[in-house]
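Trainee: Please see the structure below; I have some questions.
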Amino acid sequence: MNASTTTSQLLSPAALAGPLVMVDMEGTSLSAAQAEFLRRHQIRGVCLFRKNLGTEAEVRKLTQDLREVLGPQALIGLDQEGGSVARATFLPQAPSAMALGAADDEALAEAVGAAVARGLRSIGINWNFAPVLDVNNNPANPVIAERSFSQDPAAVARLAGAWMRGSLREGVGCCVKHFPGHGDTHVDSHLALPTVDKSRAELDALELLPFKALQSQAPAVMTAHIVYPQIDPEHPATLSKKVLGGILRDEWGYDGVVITDALMMKAIFERYGYDRAAVMALQAGVDMVLAQGSLEEQTASVQALTAAFANGTLSAEQGLRARARLDALAAAYPVRHDDYAAESRDRDDQLMRRAWASGLTALGEAKAPALAQRLRVYTQASVPGDGVSEAGPSGEQVASLFEGFADVELLALDDIDQLDWAQVPQDGRFTILASNHRARYPAAAAAWRPDLHLVLWNPFQALDVTARAVVTWGYADGALAALKAWLHGEAAATATSPVALAAA
């Protein structure tokens with residue numbers, strides 16, 4: 001009788017199941033009911049979101065409480081990619097992946113990854129769901145865009161690898177995503193089930209290249225809820241033995257942690273439900289399922305796995321193997337609450353601002369208006385968060401870019417897509433469009449003719465409007481400060497776009 005057999009006999013099906021489920025929670029503090037749920041089901045993983053993040057002190061108290069309940073092998077996760085996907089906005093604000101792609105500086109990318117990790121480590125986060133390895137070669141992609149480093153898979157591997165080295169060196173585990181690649185989709189898997197109909201050779205040359213290049217470095221991989229019909233026409237990658245078991249585990253020999261993207265996303269939930277999807281994911285080669293939702297929905301995942309271990313649908317050996325991988329991840333990157341001294345935080349903030357400025361990109365020989373010119377600026381008044389990205393820059397933040405200009409008429413619309421260019425006065429004002437929302441513009445925008453387009457979020461909006469443009473790749477404080485300096489003639493925008501963008 002070997003050790004694994006002995007261990008499996010000592011663990012009940014419930015004890016095998018619980019540690020393989022990561023859940024989310026409500027509120028900014030750990031309630032007694034939530035703590036009891038975590039203990040009862042022997043949960044060791046919790047993913048935090050914007051809804052859980054109060055003040056920095058409150059977050060630190062929350063993660064301390066979670067660590068006490070979850071135990072020494074706790075995995076407390078967060079999406080802190082940088083750019084628009086950065087839950088802990090009170091930490092120094094990292095540039096988006098594509099801003100780093102524009103700067104094209106591996107040392108800078110590594111330094112940013114390290115700084116992100118220092119901030120997360122200080123608040124008790126030991127698992128960051130980043131960096132993104134998706135190769136964004138599809139301008140219509142509604143969910144990746146500036147979250148990708150480049151349309152060039154080699155550049156993605158090079159820069160994401162540097163970013164990850166920085167994070168791992170500072171003691172925070174990474175999770176590359178979304179395997180085998182979410183870059184060439186025109187559907188958001190939060191809302192529907194995308195398909196990428198490419199041959200294996202095509203996938204090897206683009207989508208899979210960064211994942212294969214970095215598999216030996218990445219302690220964890222997150223799956224994509226996407227069907228690749230030429231590999232597996234029946235199942236999305238998250239549930240596919242051919243994709244996860246066949247390519248990632250068997251062919252490549254990957255033995256790190258594999259975690260699903262959220263099972264609550266419609267691409268999975270509406271077709272399989274929490275219970276069936278959780279079991280299918282482990283059968284496919286996953287180690288941990290991300291089961292967000294109500295306590296009842298989270299319980300459904302735990303109970304389904306428990307039943308599967310009890311009836312033999314999942315073997316004890318499968319459960320123990322997944323548990324061992326998760327144990328190793330938690331041991332290598334334990335939950336810590338290191339002091340984030342003011343001096344170190346300030347250095348990291350300055351680094352982030354330099355990185356944002358390094359990525360500022362001018363298209364079509366864009367030039368800033370003179371301070372004395374009469375300006376008319378169109379933007380959207382507010383852009384709420386959508387559950388994936390944080391809230392976009394407000395009309396007030398856009399207005400602050402033009403402090404110091406002599407005459408600025410700011411028009412903050414409820415919906416910038418409804419701008420009627422025929423109604424724009426032709427009175428000699430220098431007209432600026434400040435795009436502060438994420439979605440691509442409707443076809444009508446092809447007729448708009450601003451003198452300057454400020455692309456503050458989705459870079460592919462530069463394809464929708466015929467105008468000279470400046471692309472910031474995001475809207476964090478450092479991005480807006482860099483753009484303001486450019487508008488005032490105090491800085492240059494010399495980076496090169498890592499994706500193909502039209503220019504006037």
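The values are calculated or read from the model by the stated rules, or taken from the named source; none is laboratory data. What you are looking at is a predicted structure, and each value in this text was computed from that prediction instead of being measured. Heads up, the Cβs are rebuilt from the backbone with ideal geometry, glycines too, and the neighbour counts pull from every protein chain shown.
Trainee: So which residues in region 464-500 are surrounded by fewer than 22 Cβ atoms within 10 Å (Cβ to Cβ), outside the structural domain of Ala445 (by TED's automatic domain parsing) and under 22 Å from the mean Cα position of the chain (by Cα), if there are any at all?
Mentor: Ser497, Ala500
Trainee: Of all residues in region 99-114, which are surrounded by 24 or more Cβ atoms within 10 Å (Cβ to Cβ) and either out of contact with any strand residue (DSSP E or B) (no Cβ under 9 Å at 6 or more places or on another chain) or in a loop (DSSP other than H, G, I, E, B) (or both)?
Mentor: Correct list: Gly101, Ala103, Ala109.
Trainee: In region 116-134, what residues are surrounded by 24 or more Cβ atoms within 10 Å (Cβ to Cβ) and over 20 Å from Ala145 (Cα atoms)?
Mentor: Val116, Ala117, Gly119, Leu120, Ile123, Ile125, Asn126, Trp127
Residues are listed down the side, and each one gets a yes or a no for (1) assigned by TED's automatic domain parsing to the domain that holds Arg276; (2) assigned to a helix (DSSP H, G or I); (3) of a type in the set (A, V, I, L, M); (4) under 24 Å from the mean Cα position of the chain (by Cα):
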residue: Leu305; (1), (2), (3), (4): yes, yes, yes, no
residue: Ala308; (1), (2), (3), (4): yes, yes, yes, no
residue: Leu314; (1), (2), (3), (4): yes, no, yes, no
residue: Glu317; (1), (2), (3), (4): yes, yes, no, no
residue: Arg321; (1), (2), (3), (4): yes, yes, no, no
residue: Arg325; (1), (2), (3), (4): yes, yes, no, yes
residue: Asp339; (1), (2), (3), (4): no, no, no, no
residue: Ser344; (1), (2), (3), (4): no, yes, no, no
residue: Asp348; (1), (2), (3), (4): no, yes, no, yes
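Trainee: With a cut-off of at least 2 residues that are of a type in the set (Asp, Glu), name the helices (runs of 4 or more DSSP H) lying wholly within region 131-217. Lay out the reasoning, then the answer.
Mentor: Details: elements: 153-169, 200-205, 208-214.
So the answer is 200-205.
Trainee: Of the conditions (1) within 28 Å of Asp104 (Cα to Cα); (2) in contact with a strand residue (DSSP E or B) (Cβ under 9 Å, 6 or more places away or on another chain); (3) touching a residue at least 60 places away in the same chain (Cβ under 8 Å), Gly489 satisfies every one except a single condition; which number is it?
Mentor: Looking at each condition in turn, Gly489 falls short on (2).
Trainee: If you don't mind, another one. Quick check: anything in region 379-398 more than 28 Å from the chain's Cα centre (by Cα) and surrounded by 14 or more Cβ atoms within 10 Å (Cβ to Cβ)?
Mentor: The first filter runs over region 379-398 and keeps only residues more than 28 Å from the chain's Cα centre (by Cα), leaving none.
No - not one qualifying residue is present in region 379-398.
Trainee: Output yes when any residue across region 422-430 is over 30 Å from Asn138 (Cβ atoms), of a type in the set (Val, Ile, Thr) and part of a loop (DSSP other than H, G, I, E, B), and no when none is. Walk me through it before giving the result.
Mentor: In the first step, residues of region 422-430 are kept if they are over 30 Å from Asn138 (Cβ atoms); the result is 422-430.
From what is left, the residues that are of a type in the set (Val, Ile, Thr) are 424.
Subsequent filtering for residues that are part of a loop (DSSP other than H, G, I, E, B) retains 424.
The answer is yes, given that some residue of region 422-430 is over 30 Å from Asn138 (Cβ atoms), of a type in the set (Val, Ile, Thr) and part of a loop (DSSP other than H, G, I, E, B).
Trainee: Another question, if that's okay. Does Tyr254 qualify as being touching a Leu at 6+ places or on another chain (Cβ under 7 Å) and in a helix (DSSP H, G or I)? Spell out the reasoning first.
Mentor: Details: touching a Leu at 6+ places or on another chain (Cβ under 7 Å): yes; in a helix (DSSP H, G or I): no.
The answer is no for Tyr254.
Trainee: Follow-up. Quick one: count up the residues across region 442-498 that are assigned to a loop (DSSP other than H, G, I, E, B) and under 17 Å from Gln397 (Cβ atoms).
Mentor: So in region 442-498, the residues assigned to a loop (DSSP other than H, G, I, E, B) come out as 442, 448-451, 456-458, 464-468, 472-476, 488-493, 495-498.
Narrowing further to those that are under 17 Å from Gln397 (Cβ atoms): 456-458, 472-476, 488.
Qualifying residue count for the region: 9.
Trainee: Select from region 271-287 the residues that are of a type outside the set (Gly, Ala, Ser) and either in a loop (DSSP other than H, G, I, E, B) or closer than 17 Å to Gly181 by Cα (or both) and list them in ascending order. Quick ask: steps written out before the conclusion?
Mentor: First pass over region 271-287, keeping only residues of a type outside the set (Gly, Ala, Ser): 271-272, 274-276, 279-280, 282-283, 286-287.
Across region 271-287, the qualifying residues are Val286, Asp287.
Trainee: Can I ask one more? With touching an Asp or Glu at 6+ places or on another chain (Cβ under 7 Å), touching a residue at least 12 places away in the same chain (Cβ under 8 Å) and closer than 27 Å to Ala157 by Cβ as the only criterion, which of Val196, Val227, Val286, Val221 stands out? Please lay out each step first, then the result.
Mentor: On the way: Val227 fails: touching an Asp or Glu at 6+ places or on another chain (Cβ under 7 Å); Val286 fails: touching an Asp or Glu at 6+ places or on another chain (Cβ under 7 Å); Val221 fails: touching an Asp or Glu at 6+ places or on another chain (Cβ under 7 Å).
None of the others qualify; the one that does is Val196.
Trainee: Can you find, within region 204-257, the residue that is nearest to Ala324 (Cα to Cα) among those that are buried (at least 24 other Cβ atoms within 10 Å of the Cβ) and among the aromatic types (Phe, Trp, Tyr)?
Mentor: Phe211
Trainee: Would you confirm whether or not region 300-322 contains a residue that is surrounded by fewer than 16 Cβ atoms within 10 Å (Cβ to Cβ), closer than 19 Å to Val46 by Cβ and either in contact (Cβ under 8 Å) with a residue 12 or more places away in the chain or in contact with a Pro (Cβ under 8 Å, 6 or more places away or on another chain) (or both)?
Mentor: no
Trainee: Moving to a separate point now. Would you point out which residue out of Leu48, Leu70, Leu66 is within 17 Å of the chain's Cα centre (by Cα), in the same structural domain as Gly161 (by TED's automatic domain parsing) and buried (at least 16 other Cβ atoms within 10 Å of the Cβ)? Before you say what the answer is, go through the steps one by one.
Mentor: Details: Leu70 fails: within 17 Å of the chain's Cα centre (by Cα); Leu66 fails: within 17 Å of the chain's Cα centre (by Cα).
On inspection, the qualifying residue turns out to be Leu48.
Trainee: Here is a further query. Go through region 383-402 and report how many residues are part of a loop (DSSP other than H, G, I, E, B) and touching a residue at least 24 places away in the same chain (Cβ under 8 Å).
Mentor: Total meeting the criteria: 12.
Trainee: Further question: Within region 131-143, does at least one residue satisfy the condition of being over 18 Å from the mean Cα position of the chain (by Cα) and either under 17 Å from Trp473 (Cα atoms) or among the charged types (D, E, K, R) (or both)?
Mentor: Filtering region 131-143 down to residues over 18 Å from the mean Cα position of the chain (by Cα) leaves none.
So far as region 131-143 goes, no, none of its residues is over 18 Å from the mean Cα position of the chain (by Cα) and either under 17 Å from Trp473 (Cα atoms) or among the charged types (D, E, K, R) (or both).
Trainee: Residue check: is Ile268 assigned to a helix (DSSP H, G or I), modelled with pLDDT under 90 and farther than 21 Å from Pro19 by Cα?
Mentor: Values: assigned to a helix (DSSP H, G or I): yes; modelled with pLDDT under 90: yes; farther than 21 Å from Pro19 by Cα: yes.
When the stated conditions are applied, Ile268 passes them.
Trainee: Hey, can you tell me all the residues within region 25-45 that are aliphatic (A, V, I, L, M) and either within 17 Å of Met288 (Cβ to Cβ) or not assigned by TED's automatic domain parsing to the domain that holds Leu120 (or both)? I'd like the intermediate steps shown before the answer.
Mentor: Initially, region 25-45 is screened for residues aliphatic (A, V, I, L, M), giving 25, 30, 32-33, 35, 38, 43.
Scanning region 25-45 gives Met25, Leu38, Ile43.
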